[in-house]
Amino acid sequence: MSRTLPDGGPSVPRPLRVSGYHGAPTPATLLVVHFDRSQRMRRAAKGLAGFWGAMMVSVFIPVAHFVLVPSLFGIGIWQFLRRLRRRELVRGAHAVCPDCGVEQDFELAVGRRFPQGVRCRSCRRGLTIATVEAA
């Protein structure tokens, strides 16, 4: 299963396993978006523009602009460099809930630390997503 996600290249599936309270664990795939150089530059410029836009607005806030302007300037540059270096981004996981059987996309915490706890949107039960090796 390879899907194209809205702001990047095709997602590359990675095997995972979802376990819940009842039933057998179900397979899941990690959705990872890969960015080429132009997509990374576009993402980095958007991040920089957002923080520097906020910086321009904060110039007109009395007293607070002494802290906000330099902070937003620095955070904008940091965000630009961070997004420029990031070649791939984890967007979530796609799986079937082992408890209720509903197919859905799960949002994951930042990074690739597993196991992670998630919640099914249909039955509201807590589930665990783990790598196949750790399951």
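The values are calculated or read from the model by the stated rules, or taken from the named source; none is laboratory data. This is a predicted model, so every value here is computed, not measured. We place every Cβ from the backbone using ideal geometry, glycine too, and count neighbours over all the protein chains shown.
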Practice problem: For the stretch 20-33, enumerate the residues that are in a strand (DSSP E or B) and either surrounded by 18 or more Cβ atoms within 10 Å (Cβ to Cβ) or modelled with pLDDT under 90 (or both). | Solution: THR26, ALA28, THR29, LEU30, LEU31, VAL32, VAL33
Quiz item: in a helix (DSSP H, G or I), of a type in the set (A, V, I, L, M, F, W, C), in contact with a helix residue (DSSP H, G or I) (Cβ under 9 Å, 6 or more places away or on another chain) and without any contact (Cβ under 8 Å) to a residue 40 or more places away in the chain - does that describe any residue in the stretch 79-90?
Solution: yes
Practice problem: Kindly indicate the residue of the stretch 91-135 that is out of contact with any Cys (no Cβ under 7 Å at 6 or more places or on another chain) and acidic (Asp, Glu) and also nearest to THR29 (Cα to Cα) among those meeting that condition. | Solution: ASP105
Practice problem: Could you pull out the residue among LEU108, LEU68, LEU72, LEU127 that is hydrophobic (A, V, I, L, M, F, W, C), modelled with pLDDT under 90 and surrounded by 12 or more Cβ atoms within 10 Å (Cβ to Cβ)? | Solution: LEU108
